[in-house]
Structure formats: structure tokens, C-alpha cells
Amino acid sequence: MAVYVDDLLGANPSWGIMGASLRRPDTHNALAPQNFLYTLAVRGGSGTTTRVIGSLLDVLPAATRRDALIAAMADPRIRIVSLTVTEKGYCHDPATGALDPDHPDIVHDLAHPTAPASAPGLIVRALELRRAAGIAPFTVLSCDNLPANGETTARVVTGFAALLSPDLADHIAGEVAFPSTMVDRIVPATTEDDRKFVFEATGLWDAWPVITEPFTQWVIEDRFNLGRPPFETVGAELVADVRPFELMKLRMLNGSHSTLAYLAYLAGYEFVNEAIADPAFHALIHELMTEEVMSTLPDGTGDLGAYRDALLERFANPALKHRTWQIAMDGSQKLPQRLLGTIRDRIARGASITRAALGVAAWMRYVTGVDERGLPIDVRDPLAGRLRTTAQSAAGVPAALVGRLLGITEIFGEDLPRSEMFRAILTSHLQSLFERGAAETVRSLVRVPAGD
């Protein structure tokens, strides 16, 4: 978003971005000494280009400047509040999309509604203050990888408001726009090597450069309360219905990414491009998209075969060092959107789920917390403690591990655990992953073209 707004600044200098960090002050501390300017480094097969992004005006850490953040959101000059907080930041049940009233942050915010810590709590507090002051509400724009992310955000925000005040919830439901979006650009975590590269390329030390790929796509539902920047003039797609695009991206890019990440990490691949260069892994991801995912997608998104081929090329970008471990984070929040939707649709049709189920089985193997060499895995997940305890209780028995993990309804819901086909395929895959390892399991499953 900052890049798109930066592209607009020449013709529309009235727009800018005020950032917010809900957990840590790292971004503020890194960018404040450089006036919130940062370097965008775009890495492709032909080299890297750099530019300075100037659309970010400030970053307010909620942990230390909560009152200032709420005051800024209540300011009439703020017309859009966007979210890029990852799936876990919505404090919801990933299986249903509803607010989780027992989430620790929600419990805190209900007890301290004027001093919220969560994204839903902060948004509701700011909207409450705007209403009291007679200021029109801002638009809430989700940019996270959630199905129908605008509808999910509306459900979570109004659900939280209803627990405080039904009248406030009715106001938000009736007056606030929650457009959906689809964002497609691979952005690995910034490393110290990235900082050194940017310094050598530009002669400027940047504490927090952003490294990305040439491809970029932003699809936005054109529904805003108080107007918006003319994003369509700088390449964004403004549409009436985002759902076909977001489903395509969630299931093809994100579902493939997660499947590749868990299997590749277990097989010893640190980076995505290394894994996709393995003919067996390349074949698996090609078959997953072609034979299982594409048939579940609606019309209206263009040439799915071309999108698949572009994704495989993007995954293979040798200049974009995207760690499998980074993609593997927060799997309990990601699986429902990335893989389980495809699996549900395929089960309903009586169709094969072999490859998609392998991605889920690899996640189950990953959350045991021990890799194929017997070394510990740093499992980063909101449910990490519960996943570890659940996995340990299975004592390495594949059928037991499947049964216990399927019992986590926040991930799998009530329906998937009842599917004997799903359970049987997961158990078979897990048996192979434990006995033969990820690499050999993948090779036994796919059709590798002759000569590879």
C-alpha cells in the first residue's frame, strides 16, 4: 500500500500513511531516525532496483503510544484504517470466521474498553469516539490473507462492539464500509544481509528496507465511506467483487506456499527457490494447483493455467530468499483458508485430495517440534503450546497424531474430523513422512517428467 500511495504523491500529495504497530516498537524505532523513509528493493532475475518510499509519515507503537494512536484514528483527517496484521491479529476462530470472545486480547479489551490492545478493540474505540464527536466513520480496509476479508473484519469488529454496546454495534454495521481486498506480492522477512546489500547499492544505511519481487497485484472492492486515493491510476484493480481473486490467491499461491514450506523445511530446504528447483517438489506443486485446486475456483479470474505458471516462476526467483520457516509460521491460522477450503470442496465432490492432504500432513509432522534429523523445530504459532502437548500425547503414532490434531476444532471445524477419507489419507501420509521422510514421500507421489 505504501508503494501505491507513493506512486500517487506527484499528482495527489494530500494522501499519506500513518502506521501502527500493535505488538512491538521495532518498526518505529528503526524508521524514526530516518524520518520514516525506507528503501524498496525489487529483486528479479535480471537484477535489483531500489527506490525510497516517502508515503509513510509516522509509526505509532500501540504498546507505548496507545492514546496517541486512538486519537489519530479519531481524527477526521483519517479516512481509511487498513489492517495488515496477519490472520492471528483478528482474534477470531479461523474455522468459523467469528470473533473468539475467549481470546486473551479480547478478554482484556472487554475489561478495559478505553485502553484496548487488539485490532478490533482499537477500531471500535476509535469509531466510538468519532460517533460521539459527530465525525463520520472511517473505512476499514483489510489487506490480510483471509477469505472475504472485508466480511470477516466486519464480523469481528461488530461482534466485539456488540459485547460492549448493541447500539454501537448497530451503528458500525449500518455506517462503516468494510471493503474486501486481495494483495499478491511475496515479501520475505528483512535480514541483516539485505541491509548490507541496500547500503552497498545506494550508499545509504537503511535500518528497515523492504525486499520484494517484481510481481504486484492489488484488487480492491470499490466501497469507501469517505473517499479514497485514485488507486486505479497506479495499477490497482477496483472491482465490485473481490471474492474470485482472493480465493484464487489463497488456494493457489498461499495453499501451494504452505504445502511447499512444510515439506521443504522437513526435507532440509531453507529457501523456497531451492525447494521448487527440486523436480519432485516442482511436480507436486504443479499437480496440486492443476489437479486439485483449479477445479474449485469460480470463473472470472482469467487464465488459471497462466497464473499457475507465473507462480511457479515466482517461487523459483533465485534473488528472493524467502525462508520456508517464515512461511510455516502460524499454521493453525493459515490452514483453514489456504488448504482446508480446497479439501472441503473436493470431498463434497468425491474428488481426490491426495496432494492437499499431504500439505496438512506435513504441517502435522512439523508441529511435533522435532525435524527429521532429531533437531528441535522453532514452531511459531498462537497455539504452539497446545500443538506441542497434543503432538507429544500421540507418542509418534501417526493415527493417534491425526486423531488428536483433528480434534482441534478451531482449525478443522466439526466436519473434517468426521471424514474417514480425510483421516485415512492423512494417516497414510504421516506414516510415510515419519518412515521415509518428506523428500522421499514427495518423490513417491508425483509424476516427474522424463529427464528431470
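Observations on the structure shown:
- Within the range 1-14, the only residue that satisfies the criterion of being part of a loop (DSSP other than H, G, I, E, B) and either surrounded by 18 or more Cβ atoms within 10 Å (Cβ to Cβ) or touching a strand residue (DSSP E or B) at 6+ places or on another chain (Cβ under 9 Å) (or both) is 1.
- When each of 124, 156 is tested for being within 30 Å of residue 251 (Cα to Cα) and in contact (Cβ under 8 Å) with a residue 12 or more places away in the chain, the lone residue that passes is 156.
- Look at the range 392-406: where a residue is under 15 Å from residue 433 (Cα atoms) and a partner is of a type in the set (Gly, Ala, Ser) and not in a helix (DSSP H, G or I), sitting 6+ places away or on another chain with Cβ atoms under 7 Å, you get 400/394; 401/394.
- Among residues of the range 45-61 that are closer than 18 Å to residue 204 by Cβ, those with a Cβ under 9 angstrom from a residue that is surrounded by 17 or more Cβ atoms within 10 Å (Cβ to Cβ) and basic (Lys, Arg), sequence gap 6+ or separate chain, pair up as 49/43.
- Every test in (1) closer than 29 Å to residue 245 by Cα; (2) part of a loop (DSSP other than H, G, I, E, B); (3) touching a Ser or Thr at 6+ places or on another chain (Cβ under 9 Å); (4) of a type in the set (A, V, I, L, M) is passed by residue 204 save one, and that test is (1).
Residues checked against (1) of a type outside the set (A, V, I, L, M); (2) within 21 Å of residue 223 (Cα to Cα); (3) in the same structural domain as residue 380 (by TED's automatic domain parsing); (4) in contact with a Phe, Trp or Tyr (Cβ under 8 Å, 6 or more places away or on another chain):
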residue	(1), (2), (3), (4)
11	no, no, no, no
38	yes, no, no, yes
46	yes, no, no, no
73	no, yes, no, yes
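- Any hit, the range 410-422, residues being within 25 Å of residue 345 (Cβ to Cβ), in contact with a Phe, Trp or Tyr (Cβ under 6 Å, 6 or more places away or on another chain) and either assigned to a helix (DSSP H, G or I) or modelled with pLDDT under 95 (or both): yes
- Which numbered condition residue 167 misses (of (1) touching a residue at least 24 places away in the same chain (Cβ under 8 Å); (2) not in a loop (DSSP other than H, G, I, E, B)): (1)
- Matching residues in the range 432-452 - criterion: being more than 19 Å from residue 343 (Cβ to Cβ), touching a residue at least 24 places away in the same chain (Cβ under 8 Å), assigned to a helix (DSSP H, G or I) and not basic (Lys, Arg): 434, 438, 439
- Among the candidates 260, 250, the residue that is outside the structural domain of residue 181 (by TED's automatic domain parsing), over 24 Å from residue 45 (Cα atoms), out of contact with any His (no Cβ under 8 Å at 6 or more places or on another chain) and crowded, with 20+ Cβ neighbours inside 10 Å is uniquely 250.
- Matching residues, the range 159-211, being closer than 30 Å to residue 329 by Cα and of a type in the set (A, V, I, L, M): 161, 182, 183, 186, 187, 189, 198, 207, 210, 211
- Residue in the range 268-280 that is buried (at least 20 other Cβ atoms within 10 Å of the Cβ), farther than 21 Å from residue 44 by Cα, at pLDDT below 95 and of a type outside the set (Asp, Glu) present: no
- Residue in the range 195-228 that is surrounded by the fewest Cβ atoms within 10 Å (Cβ to Cβ), counting only those that are over 22 Å from residue 59 (Cα atoms) and charged (D, E, K, R): 200
- Residues of the range 207-264 that are closer than 30 Å to residue 373 by Cα and of a type in the set (A, V, I, L, M, F, W, C): 253, 260, 261, 263, 264.
- Check on residue 126, at pLDDT 95 or above and crowded, with 17+ Cβ neighbours inside 10 Å: yes
- Scanning the range 43-68 for residues that are in contact with a helix residue (DSSP H, G or I) (Cβ under 9 Å, 6 or more places away or on another chain), over 23 Å from residue 185 (Cβ atoms) and among the small types (Gly, Ala, Ser) returns a single hit, 62.
- When 60, 31 are screened for being assigned by TED's automatic domain parsing to the domain that holds residue 216 and touching a Ser or Thr at 6+ places or on another chain (Cβ under 8 Å), only 60 passes.
- Whichever residue in the range 100-114 is touching a Leu at 6+ places or on another chain (Cβ under 8 Å) and outside any helix (DSSP H, G or I) and, among such residues, is surrounded by the fewest Cβ atoms within 10 Å (Cβ to Cβ): 101
- Selection of the range 226-262 for residues being among the basic types (Lys, Arg) and modelled with pLDDT of 95 or more yields 228, 251.
- Residue in the range 21-44 that is surrounded by the fewest Cβ atoms within 10 Å (Cβ to Cβ), counting only those that are assigned to a strand (DSSP E or B) and in contact (Cβ under 8 Å) with a residue 60 or more places away in the chain: 44
The values are calculated or read from the model by the stated rules, or taken from the named source; none is laboratory data. All values derive from a computational prediction rather than experimental measurement. Don't worry about glycine lacking a Cβ; one is built from the backbone with ideal geometry, like all the others, and counts go over all protein chains shown.
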